[in-house]
Amino acid sequence: VAKALILQVDTVRSPEGLTDEEKVFLSCVQTSRFPQGSRVVWRVKVIDPLSGKSMDDKQVKSLVLGLPDGKTQDLKYGGHPGGTNAVPTDFFWTSGFSLAKDYPTGAFNYTLKATGVDGLIGTWDQFKVAPAMLQVVALGKR
């Protein structure tokens, strides 16, 4: 009997605020360190615990990102890469958060909670080990 949904999660940097040269090697690459003024993007797959298959927006009622200030954001399901002429190579859930240029540096604590249409829930929380947590670093640092 399934008791919880499974969440696969990573974070990448958005191309927002990057030069064309930086976009090639910094955009959409897994990272846990984000400079002030950049945009964090969460990529999530919700996995059915019985079939082991990814769940889409017809099977997941909601997927919510909890931010450090207590606010929440809904993630959206879709094909990636996006763009007008791009042919999707994968489908998953995403949401983003733009860090102000003066956003406080240090650990950025967040949570994720998925609820299936059948009521099954899955949650995700970072490891509480500082080097592994999402970190906001000073502008100009990596």
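The values are calculated or read from the model by the stated rules, or taken from the named source; none is laboratory data. What you see is a predicted model, and the numbers here were worked out from it, not measured in a lab. Positions of Cβ are generated from backbone atoms using ideal geometry, with glycine treated the same way; all protein chains shown enter the neighbour counts. Surface areas here come from the heavy atoms of the whole protein model, side chains and all, with no ligands, DNA or RNA. Shrake-Rupley method; radii C 1.70, N 1.55, O 1.52, S 1.80 Å.
Has the range 77-89 got any residue that is modelled with pLDDT of 95 or more and part of a loop (DSSP other than H, G, I, E, B)? No, the conditions are met nowhere in the range 77-89. Please determine whether any residue of the range 122-131 is under 17 Å from Ile6 (Cα atoms), in contact with a His (Cβ under 8 Å, 6 or more places away or on another chain) and either surrounded by 15 or more Cβ atoms within 10 Å (Cβ to Cβ) or among the hydrophobic types (A, V, I, L, M, F, W, C) (or both). Checked against the condition, which is being under 17 Å from Ile6 (Cα atoms), in contact with a His (Cβ under 8 Å, 6 or more places away or on another chain) and either surrounded by 15 or more Cβ atoms within 10 Å (Cβ to Cβ) or among the hydrophobic types (A, V, I, L, M, F, W, C) (or both), the range 122-131 yields no hits at all.
Applying the set (1) among the hydrophobic types (A, V, I, L, M, F, W, C); (2) modelled with pLDDT under 95; (3) loosely packed, with under 13 Cβ neighbours inside 10 Å to Ala4 leaves exactly one unmet item: (2).
For (1) surrounded by 15 or more Cβ atoms within 10 Å (Cβ to Cβ); (2) aliphatic (A, V, I, L, M); (3) out of contact with any Leu (no Cβ under 9 Å at 6 or more places or on another chain); (4) farther than 27 Å from Gly106 by Cα, each residue gets a yes or a no:
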| position | (1), (2), (3), (4) |
| --- | --- |
| Ser14 | yes, no, yes, no |
| Cys28 | no, no, yes, no |
| Val40 | yes, yes, no, no |
| Val44 | yes, yes, no, no |
| Tyr77 | yes, no, no, yes |
| Gly83 | no, no, yes, yes |
| Trp93 | yes, no, no, no |
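Only residues that are open to solvent by 30 Å² or more (accessible area, probe 1.4 Å), more than 17 Å from Leu134 (Cβ to Cβ) and part of a loop (DSSP other than H, G, I, E, B) were counted in the range 46-75, giving 10. Among the candidates Arg33, Arg43, which residue alone is touching a Lys or Arg at 6+ places or on another chain (Cβ under 9 Å), in contact (Cβ under 8 Å) with a residue 40 or more places away in the chain and of a type in the set (Lys, Arg)? From the options Arg33, Arg43, the qualifying one is Arg33.
Within the range 102-118, the set of residues being under 22 Å from Val46 (Cα atoms), open to solvent by 50 Å² or more (accessible area, probe 1.4 Å) and not in a strand (DSSP E or B) comprises Asn109, Val117, Asp118. Residues in the range 119-139 that are closer than 17 Å to Thr11 by Cα, assigned to a loop (DSSP other than H, G, I, E, B) and touching a Leu at 6+ places or on another chain (Cβ under 8 Å): 1 in all.
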